[in-house]
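Data block below; observations after.
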Amino acid sequence: MISLLQDIRYAVRQLRKNPGFTAVAIVTLALGIGANTAVFSVIDAVMLRPLPYRQPERLIDAQSTRSQNPESDSLSYPDFFDWRAQNHTLSSLVSYHDASFNLTGLQRPVHVDGQVVSWDLLPTLGINPELGRGFLPEDEKRGARVVLISHGLWESEFGADRSILGRSIHLSGDLYTIIGVMPASFRFPVTAPQDGIWTTLAVDIGPANGDVTANRGMHFLSAIGRMKPGTTLAQVGKDLQTIATNLARAYPDTNTRRNSAYVQTELAALVGDTRTVLLIVLGAVTLVLLIACGNIANLQLARIRERQREIAMRSALGATRSQIVRQLLVESLMLSTLGGLAGCGLAFFCTPAILSLAGDHVPRAADAGVDLYVLSFAILLSFLGGLLFGIVPAIAASKTDLTTTLKDGGRSETNSRDWLRSSLIVGQVAMGLMLTAGAGLLITSFANLLRTGHGFDSDHLLTLHFETPDAQYKNTRPQFYREYFAKLRALPGVQSAAGAVFLPMTSDEAVISFEDPEHPSPKGQRPAEDLDLVSPEYFRTMQVPFLEGRDFSDHDDMQSPHVMIVNQAFARKYFPGEGVLGKKIRPGASSNGTAGPPPLREIVGVVGDIRIGALEREMRPAMYLPASQLSDWCCLSSVVRTKVDPLSLELSVRQLVSSLDKDIPVTQVRTMEDLLFTQLAAPRFAMVLISTFAGLALTLTIVGLYGVMMYSVSRRTREIGVRMALGAQQSGVLLMVLRDAAILLGVGIGIGTAAALGSASILQRLLYGVGSRNPVVLTLVCIAVAFAGLIAAYLPARRATKVDPMVALRYE
């Protein structure tokens, strides 16, 4: 212990004795450790931290799977009821889906997001209300209207009134009874807002001909379950797979394409594709730390040359090889500790920057922070970093030739250390090129996304949403929207206005099967495509071109012939080489509120393709129905084409809606540009982070190469002086130094290129419009790395040409 304390005191003196080296090393380490700590804090919050429920490892996410599509899909109520009743591996299975309500009867109407759930949600999660009780089985029955409210809503709208239990409130025109208040920390789903509500599936039980809980073909439910003790995820998957297969046999009309089940842990379902992005970012920032450690190892190897006489004297005085290695490792660990402390400070600033970049795209990222667990990671990283950059120089120093070093005055050199320094630079160049190549691909991909046409003009387009509850507007909704849009178009600064159930760039969609009488197919095997309900002038407002036919009009109502519009992709796929206008098909989701099959609809127009989401790789076929010809729908989101700044009309639009119905709150007021920006959050997150780390890695690599070349020039001062004394030209000396750098760069670029090609498939899922092995991008990156490396080597080479032969011959 005493000897260790002596080593620490000596290490402190050595670091104070070389403040320049110490400062450079600490800054370099702080960059690497700080970046890793910040990224780890996000990964910890998103991927490693357990869900805030009882025994979260036993919670699973279950969804049906389409036979022709490996991706998971939602459940219908009848399928859910069968899964819940027939499974043998789950102690409970809960359905849920998003819902929104207008909370009225208070000082002002409030829009509230909520979840419609089956009764056993709280027992499944292992959570109890802060006040009151949870749901009971009878709360699922027809006519039941009970609600749990969040702690945030309880405080903001009800003044934290503890006598609130049993109070009736109006939600979208219906009367609900508050039975409980949830704890402040409770959120379900985890990504839900903190001021929401929960009610039971009884709200989805309507009249016999409109009861969505009896419609096996209507898929919109998610499901979460709790595994029985001793049950594995594979057993649950096999159990639900059997049920899904049996349901497909029993109900071929609706379940033929959903004959399987997809099961994963609830945490895995929550993280989703974000896991891939975060792991790639973690890999990138790890490479940055390795490059930083390589730089410090090179500095350490250079310092060994300056300290060879000191090390030799210690050996001569009886110090063993292990003592010398220990002393040098203590110095390295002291250095890494200081760098780690500085890195932790840097992480406090980097983490908020990463969170602002992540936005709402990364689930649970808002919970990230530099806590004790993250600080422990930083300490461990500092220790490993100290060992990584310290062990090789320490072992190399312990092999110093005592006799030669003392005879040469402490300035001897070995080829092995030259090889080590060169190998470190080659490795740094290779890793830097890998990161830069990945960043180049992501930048190219993001540029392709920005250039890609979406089928409409997003400029000067305002979007907003409000609910028109069934309780007031079940039979008058078309008339309400007709009056609303007429007044909206009359507002100063408005060019045109319309509405749609599903707006582009909102991640909302409905995929509906349809029947083509000219090409009949079994009901369970009918094709299915996107369907949207729109108002007249929607395509004009969105500036989507009409290729054939006409738009919807106010005359397309419940009494007029049933019509529809399709996009170009639909016409090309299902009616190739044929005239589309006048064709009649039967969209399965259409309903006029009466019993029996939906009506045949005549195609009266063909419009250009609209990209549903910014990340869609191709335009999808789509069908459009006039909202005024259907009654079984809720609300239209508004799109407003303006002549002025879109957001400047927000107050006027709110006042207009309030004048029509004071109990309707307007929400989600955004420009279409904002929606597009949100859609690009995921690729932007990956691109910015990896590009930033690639830039940092390349900078550290160039600095490392510069340092090695400077050291090489200083070590070869005598040799250069002799060459120049014998007549060597400055250009020849310049080329000699640059040649040495070019060799290191060439080997590093070769290894890095091979590694980039070998690991290219990792990025494939994040790329749009560019291959993961794009030769143009890789070539440009290689040229950029080579050019930057040669620039870094040019300065030491230029210095070598200024060597005075007389001074050099007296050197050493």
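The values are calculated or read from the model by the stated rules, or taken from the named source; none is laboratory data. For clarity, every value in this text was computed on a predicted model and none was experimentally measured. With ideal geometry, Cβ positions are generated from the backbone for all residues, glycine too; neighbour counts draw on all protein chains shown. Protein only, heavy atoms only, side chains kept; ligands, DNA and RNA dropped before computing areas. Shrake-Rupley method; radii C 1.70, N 1.55, O 1.52, S 1.80 Å.
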Requested in this report: Could you tell me which numbered condition Ala192 fails, if it satisfies all but one of (1) aliphatic (A, V, I, L, M); (2) open to solvent by 20 Å² or more (accessible area, probe 1.4 Å); (3) touching a residue at least 60 places away in the same chain (Cβ under 8 Å)?
Outcome: (2)
Query - Among the residues listed as Leu636, Leu630, Leu649, Leu600, the single one being open to solvent by 20 Å² or more (accessible area, probe 1.4 Å) and aliphatic (A, V, I, L, M) - result: Leu600
Query raised in the report: Residue check: is Val330 open to solvent by less than 20 Å² (accessible area, probe 1.4 Å), under 30 Å from Gln679 (Cα atoms) and either modelled with pLDDT of 85 or more or not basic (Lys, Arg) (or both)?
Result: no
Report task. For segment 270-284, state whether one or more residues are open to solvent by 20 Å² or more (accessible area, probe 1.4 Å), in a helix (DSSP H, G or I), at pLDDT 85 or above and of a type in the set (S, T, N, Q). Result -> yes
Query raised in the report: Does Gly225 satisfy being buried (at least 20 other Cβ atoms within 10 Å of the Cβ), within 23 Å of Ala99 (Cβ to Cβ) and touching a residue at least 12 places away in the same chain (Cβ under 8 Å)?
Result: yes
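So in segment 528-556, with the set limited to residues that are in a loop (DSSP other than H, G, I, E, B) and in contact with a helix residue (DSSP H, G or I) (Cβ under 7 Å, 6 or more places away or on another chain), which one is farthest from Lys643 (Cα to Cα)?
Residue satisfying both the conditions and the ranking: Asp556.
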Report summary line: From the option list Ser91, Ser100, single residue qualifying as of a type in the set (Ser, Thr, Tyr), over 20 Å from His219 (Cα atoms), in contact (Cβ under 8 Å) with a residue 40 or more places away in the chain and open to solvent by 30 Å² or more (accessible area, probe 1.4 Å) is Ser91
Query raised in the report: So which residues in segment 338-392 are surrounded by fewer than 18 Cβ atoms within 10 Å (Cβ to Cβ), within 17 Å of Val281 (Cβ to Cβ) and of a type in the set (Ser, Thr, Tyr)?
Result: Ser356
Requested in this report: Answer with yes or no whether Leu171 is buried (at least 19 other Cβ atoms within 10 Å of the Cβ), of a type in the set (A, V, I, L, M), at pLDDT 95 or above and in contact with a strand residue (DSSP E or B) (Cβ under 9 Å, 6 or more places away or on another chain).
Outcome: no
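Mind telling me which of the residues Arg617, Arg641, Arg611 ends up being part of a loop (DSSP other than H, G, I, E, B), open to solvent by less than 60 Å² (accessible area, probe 1.4 Å) and basic (Lys, Arg)?
Arg611
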Report summary line: Tyr77 meets each of (1) open to solvent by 50 Å² or more (accessible area, probe 1.4 Å); (2) more than 30 Å from Ala697 (Cβ to Cβ) with one exception, condition (1)
